[in-house]
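The values are calculated or read from the model by the stated rules, or taken from the named source; none is laboratory data. Everything quoted here is computed from the prediction, not taken from an experiment. Methodologically, a virtual Cβ is constructed for each residue, glycine included, from the backbone with ideal geometry; neighbour enumeration extends over all protein chains shown.
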Amino acid sequence: MSIAALIVAAGRGVRAGGGLPKQYAALGGEPMLARALRPFLAHPLIAAVQTVIGADDGPLYAAATAGSGAKLAPPVTGGASRQDSARLGLEALAARAPRLVLIHDAARPFVSQDLIGRVIEALERHPGAVPASPVADTLKRANPDGFIVATIERENLWRAETPQGFRFAAILDAHRRAAAEGLHAFTDDAALAERAGLTVALVAGSPRNVKITTAEDLAMANHLLAPSSAWETRTATGFDVHRFCPGDHVWLCGVSIPHSHGLLGHSDADAGLHALTDALLGAIGEGDIGDHFPPSDPRWKGAPSSLFLADAARRIAARGGRIVNVDVTLLCEAPKIAPHRAAMRAAMAEILAIEPSRVSVKATTTEGLGATGRREGLAALASATVLLPS
Ligand code: MG
């Protein structure tokens with residue numbers, strides 16, 4: 001056997017994973033580890049893949065790797081530090097005596113076959129090869145109180161990624177020697193190779209090859225995957241009409257507007273919010289506003305329609321979905337909508353707990369035609385786009 005991959009997945013970090021070790025957190029609808037393993041399992045030059053896992057993670061690992069095939073060796077249990085876990089994985093591979101090994105962190109699930117290929121190619125010329133990207137940010141050193149004390153020159157500074165590739169015998173020896181000397185805190189394998197005097201070359205990393213550390217990293221990674229696999233887009237419309245009646249104000253899109261008439265209805269008769277509620281319910285296939293808040297039910301007499309809209313938003317959140325954008329068009333000769341448009345957007349954004357930039361309000365007359373043209377009432381159209389987990 002010539003080239004092996006070692007995937008280090010023994011970390012205990014649960015910050016990103018909602019209580020699960022992050023390498024088992026769902027990424028694009030599957031455990032992060034499954035995604036990290038795939039390019040190594042599929043790479044034609046890699047003959048075996050060894051994993052190192054946490055002592056308690058057997059069931060999670062089994063679920064994440066079911067059906068992976070014979071190229072995936074049975075996992076070994078990691079140690080107290082990343083360095084120890086990597087060494088234990090190398091020891092497990094020693095019997096197979098690969099010529100080269102690529103050591104990869106399971107927390108980098110976006111590694112590509114191209115990047116793996118670049119590391120392997122460089123290993124034909126150098127004892128070690130590490131994918132890396134130039135540091136683009138200005139680096140500051142701060143004191144413990146959070147004040148800057150120095151600016152670090154970023155020329156010749158690189159961010160090291162994984163997989164880091166080495167000649168197997170040399171990196172195993174470097175690991176054994178460090179452990180024998182009581183050193184256990186190296187955070188990457190290149191540092192051990194450097195310490196052993198091995199030449200380590202840089203190859204081009206990838207901005208996609210990010211390390212997932214925090215819950216926010218995980219959310220961003222899921223977002224990155226969203227259009228292709230994990231999410232589906234739902235769009236629907238809503239429509240509502242209410243008749244004018246005696247009164248001195250109307251509720252429209254969550255805002256009270258002084259007017260020569262009121263609007264007749266069982267609730268506050270906010271046609272804008274009713275149309276939008278129906279659009280959101282339509283997007284998730286959960287009927288219409290009348291199904292959930294029947295006009296025959298005295299509880300909803302005079303109720304603020306924000307209740308109905310908030311209920312639709314809750315139903316979307318309960319499915320793990322999110323609202324991409326909503327758009328309401330009001331059809332009336334009067335009142336004038338433009339002066340209230342900003343307040344309407346803000347009110348609906350607050351009810352839906354989304355940014356106002358995702359909320360649109362438009363208005364038009366119907367040129368004196370039809371019921372709205374005769375000022376008998378007003379109408380509202382709405383559309384909503386929602387992302388739901390597939
Ligand atoms: Mg209505």
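One residue stands out among those in the stretch 106-131 that are over 26 Å from the mean Cα position of the chain (by Cα) and among the acidic types (Asp, Glu): the one that is farthest from LEU198 (Cα to Cα), which is GLU121. Does any residue of the stretch 11-29 turn out to be in contact (Cβ under 8 Å) with a residue 12 or more places away in the chain, of a type in the set (S, T, N, Q) and surrounded by fewer than 20 Cβ atoms within 10 Å (Cβ to Cβ)? Within the stretch 11-29, not a single residue is in contact (Cβ under 8 Å) with a residue 12 or more places away in the chain, of a type in the set (S, T, N, Q) and surrounded by fewer than 20 Cβ atoms within 10 Å (Cβ to Cβ).
When residues in the stretch 147-161 are screened for being loosely packed, with under 13 Cβ neighbours inside 10 Å, closer than 24 Å to SER206 by Cβ and charged (D, E, K, R), 1 of them pass. Is it true that some residue in the stretch 274-290 is farther than 23 Å from THR233 by Cβ, near the ligand (Cβ under 10 Å from one of its atoms) and in contact (Cβ under 8 Å) with a residue 12 or more places away in the chain? For the stretch 274-290, residues farther than 23 Å from THR233 by Cβ, near the ligand (Cβ under 10 Å from one of its atoms) and in contact (Cβ under 8 Å) with a residue 12 or more places away in the chain: present. Residue under question is ILE257, and the condition is that it be of a type in the set (A, V, I, L, M, F, W, C) and either within 15 Å of the ligand (Cβ to nearest atom) or under 26 Å from ARG319 (Cα atoms) (or both); does it hold? In short, no. For the stretch 240-254, give me each residue that is more than 10 Å from the ligand (Cβ to nearest atom) and of a type outside the set (A, V, I, L, M). Within the stretch 240-254, ARG243, PHE244, CYS245, PRO246, GLY247, ASP248, HIS249, TRP251, CYS253, GLY254 qualify.
In this entry, ASP189 passes the filter for residues that are in contact with a strand residue (DSSP E or B) (Cβ under 8 Å, 6 or more places away or on another chain), closer than 19 Å to ASP84 by Cβ and of a type outside the set (Lys, Arg).
Would you say VAL324 is out of contact with any helix residue (DSSP H, G or I) (no Cβ under 6 Å at 6 or more places or on another chain) and within 16 Å of the ligand (Cβ to nearest atom)? Even if it seems obvious, please write down each step before you answer.
On the way: out of contact with any helix residue (DSSP H, G or I) (no Cβ under 6 Å at 6 or more places or on another chain): yes; within 16 Å of the ligand (Cβ to nearest atom): no.
Criteria not met by VAL324.
Quick one: in the stretch 256-298, of everything that is of a type in the set (Asp, Glu) and in a loop (DSSP other than H, G, I, E, B), which residue is nearest to CYS332 (Cα to Cα)?
Looking only at the stretch 256-298, we keep the residues that are of a type in the set (Asp, Glu), and these are 268, 270, 278, 286, 288, 291, 297.
From what's left, in a loop (DSSP other than H, G, I, E, B): 268, 270, 286, 288, 297.
Numbers: ASP268: 18, ASP270: 13, GLU286: 29, ASP288: 23, ASP297: 29 Å.
The qualifying residue nearest to CYS332 (Cα to Cα) is ASP270.
A residue that is buried (at least 22 other Cβ atoms within 10 Å of the Cβ) and more than 37 Å from the chain's Cα centre (by Cα) cannot be found anywhere in the stretch 270-293.
If you scan the stretch 351-390, which residues turn out to be polar (S, T, N, Q), part of a strand (DSSP E or B) and without any contact (Cβ under 8 Å) to a residue 60 or more places away in the chain?
Residues of the stretch 351-390 polar (S, T, N, Q): 357, 360, 364-366, 372, 383, 385, 390.
Add one more test, that the residue is part of a strand (DSSP E or B), and what stays is 360, 364, 383, 385.
Once the filter is applied, which keeps residues that are polar (S, T, N, Q), part of a strand (DSSP E or B) and without any contact (Cβ under 8 Å) to a residue 60 or more places away in the chain, the stretch 351-390 yields SER360, THR364.
Taking the criterion of being polar (S, T, N, Q), in contact (Cβ under 8 Å) with a residue 60 or more places away in the chain and either surrounded by 19 or more Cβ atoms within 10 Å (Cβ to Cβ) or assigned to a loop (DSSP other than H, G, I, E, B) (or both), the residues of the stretch 61-96 that qualify are SER81, GLN83, SER85.
Restricting attention to the stretch 260-269, the residues that are away from the ligand (no atom under 15 Å from the Cβ) and either among the small types (Gly, Ala, Ser) or crowded, with 23+ Cβ neighbours inside 10 Å (or both) total 1.
The residues of the stretch 132-164 that are within 26 Å of the chain's Cα centre (by Cα), outside any loop (DSSP other than H, G, I, E, B) and of a type in the set (Ser, Thr, Tyr) amount to a single one, SER133. Only a single item in (1) part of a helix (DSSP H, G or I); (2) at pLDDT 95 or above; (3) more than 14 Å from the ligand (Cβ to nearest atom) is not met by ALA219, and it is number (2). For the stretch 299-310, the set of residues classified as within 12 Å of the ligand (Cβ to nearest atom) and assigned to a loop (DSSP other than H, G, I, E, B) consists of ALA303, SER305, listed by residue number.
The set of residues in the stretch 304-333 being surrounded by 15 or more Cβ atoms within 10 Å (Cβ to Cβ) and of a type in the set (A, V, I, L, M) consists of LEU307, LEU309, ALA310, ALA312, ALA313, ILE316, ILE323, VAL324, VAL326, VAL328, LEU330, LEU331.
Touching a Pro at 6+ places or on another chain (Cβ under 6 Å), in contact (Cβ under 8 Å) with a residue 60 or more places away in the chain and assigned to a helix (DSSP H, G or I) - does that describe any residue in the stretch 167-174? Yes, some residue in the stretch 167-174 is touching a Pro at 6+ places or on another chain (Cβ under 6 Å), in contact (Cβ under 8 Å) with a residue 60 or more places away in the chain and assigned to a helix (DSSP H, G or I).
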